[in-house]
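Below is one structure, written out as C-alpha cells; the observations come after it.
The values are calculated or read from the model by the stated rules, or taken from the named source; none is laboratory data. Since we're looking at a predicted model, the values are computed, not measured. Cβ placement follows ideal geometry from the backbone for every residue including glycine, while neighbour counts extend to all protein chains displayed.
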Amino acid sequence: MIKISRDKLNGALAKIARSCDLFLPVKKAGEVNYGKFDENAEVSLDTLKTVKSAKDFFFPQSETMMKFKLSGKNIEIEDIRKQPEPFVIFGVRGCDYRSFSILDNVFLQEPVDTFYKARRDAATIVTLACNKPETSCFCKAFGIDAAEPQGDATGWLDEKYLYLNANTEKGEKLLETVGEFSQPDDGKAVEELKKTTREITAKLPYSNIDLSRFKPENLNELFNLPVWNELSEACLGCGTCTFVCPTCQCFDIREFKTDTGVNRFRCWDSCMYSDFTQMAAANSRTTQMQRYRQRFMHKLVYYPSQYGGTYSCVGCGRCVNKCPQHLNILKVIKKIGGRKDD
C-alpha cells in the first residue's frame with residue numbers, strides 16, 4: 001500500500017494522464033460527472049456520487065455500430081470497430097463498480113458484445129471507498145462494502161492523503177506510474193477509515209431493507225399484486241430513473257441517412273417509455289403501470305432468476321435523488337418486500 005499527500009495528488013494524476021487517457025469526477029456547471037483529466041479540470045474526488053454513473057465508459061449513451069455506403073444499387077458495409085487505447089477510470093465508488101459485473105452478465109455472454117468487451121479490456125479501474133455515505137445510499141442491502149470496493153486498485157481518502165492498494169496486475173502497473181509522488185504506508189489509517197465507514201453505513205435508514213420476498217419462486221405472486229396500481233399512479237414515464245441507473249442496459253438500434261450512406265447506431269432506451277418494444281401489431285405494455293412493474297420486477301426478480309440471485313440494483317441511490325415523483329426502487333421494496341399484500 002502507498003499514500004500520496006493531497007498537495008502532490010494533482011501531479012500524480014497528471015503523470016497518469018500523460019501515459020493514457022484518465023477519467024475521473026470533474027465538476028462542470030455545478031454538477032459532478034466523469035470527465036477527462038487536464039490541467040484546467042476541477043477534480044472532485046470528495047463528491048460521493050456523480051450524477052451519471054460510470055457505465056457510460058463501457059456502454060455509451062449513443063454509439064455508431066456500422067456504416068453503409070450507397071453507390072447506386074450497391075451497398076458497402078463499413079466495419080467501424082477499433083481497438084480502444086488503454087485508459088484509466090479513477091474514483092469509481094463501490095456501487096458503480098458492482099454495476100460493471102451486472103452489465104458483464106448481459107454483454108459478455110454469448111454472443112459477446114464486442115464493442116463492450118473491447119472497452120472493458122482496455123480499462124484500468126481505480127475504485128474509491130466512501131467516507132460519508134448518504135441517507136439515500138443502500139448498497140449494503142445488496143452485499144456491497146462501501147469501505148472496501150474492489151477494482152484494479154482501491155483508494156481511500158482522508159484530509160491529508162490518498163491511500164492506494166493494488167488488487168491486480170493492472171493496478172500494480174498504475175501504482176508504479178505514480179511511484180515518485182508516493183511513499184509506503186502501513187495501512188493503519190485505512191483500517192480506521194474502513195471502520196468509520198462501516199459504522200456509518202450500518203446506521204443508514206435503508207441499509208437493512210427487507211428483500212426477502214423478491215425471489216424467483218414468488219414471481220407470479222409479485223407480478224399480480226394489486227399494489228402496483230397504487231405505486232405507479234403518479235409515474236410520469238420520464239425515464240430519469242433509467243438514465244441515471246448504473247445497471248440499466250436497455251437500448252434501441254436505429255439508422256439515419258447521410259449524404260454518403262446510412263449510419264446504424266444504438267442508444268439507451270427505457271422500459272418506462274410508451275414506445276419501448278413497440279411492434280407493428282401493438283405494444284406489449286399499454287399502461288404506465290405495466291411499464292413501471294416491468295422495471296422493478298426486472299431489477300428484483302427477473303434478473304436474479306437468470307443470474308444466480310444477483311439483483312440488478314446496487315443501492316447507489318441516484319434514482320432516489322432524481323425521481324421527480326419519488327417513485328424509486330426503495331418505495332417498491334418498502335411496500336412489497338417482506339409483506340403479504342393482496
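Summary table below
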item	result
Yes/no for Asp46 being surrounded by fewer than 20 Cβ atoms within 10 Å (Cβ to Cβ) and out of contact with any Asp or Glu (no Cβ under 9 Å at 6 or more places or on another chain)	yes
Only listed residue being in a strand (DSSP E or B) and farther than 19 Å from Val314 by Cβ, chosen from Arg266, Arg293	Arg266
Number of positions in segment 9-32 that are surrounded by fewer than 18 Cβ atoms within 10 Å (Cβ to Cβ) and either modelled with pLDDT of 95 or more or at negative phi (or both)	12
Selection within segment 4-63 - without any contact (Cβ under 8 Å) to a residue 60 or more places away in the chain, farther than 18 Å from Phe243 by Cα, out of contact with any Pro (no Cβ under 9 Å at 6 or more places or on another chain) and not in a loop (DSSP other than H, G, I, E, B)	Asp7, Asn10, Ala14, Ala17, Arg18, Val26, Lys27, Lys28, Lys36
Asp79, sole failed condition from (1) surrounded by 15 or more Cβ atoms within 10 Å (Cβ to Cβ); (2) farther than 25 Å from Thr154 by Cα	(1)
Some residue of segment 268-288 being under 30 Å from Glu76 (Cα atoms) and within 21 Å of the chain's Cα centre (by Cα)	yes
Residue in segment 33-41 that is surrounded by 14 or more Cβ atoms within 10 Å (Cβ to Cβ), more than 14 Å from the chain's Cα centre (by Cα), at pLDDT 95 or above and in the same structural domain as Glu172 (by TED's automatic domain parsing) present	yes
Residue match in segment 123-146 (condition: closer than 27 Å to Cys248 by Cβ, touching a helix residue (DSSP H, G or I) at 6+ places or on another chain (Cβ under 8 Å) and loosely packed, with under 15 Cβ neighbours inside 10 Å)	yes
Residue that is under 19 Å from Asp152 (Cα atoms) and of a type in the set (Gly, Ala, Ser), where the choices are Gly30, Gly72, Gly94, Gly11	Gly94
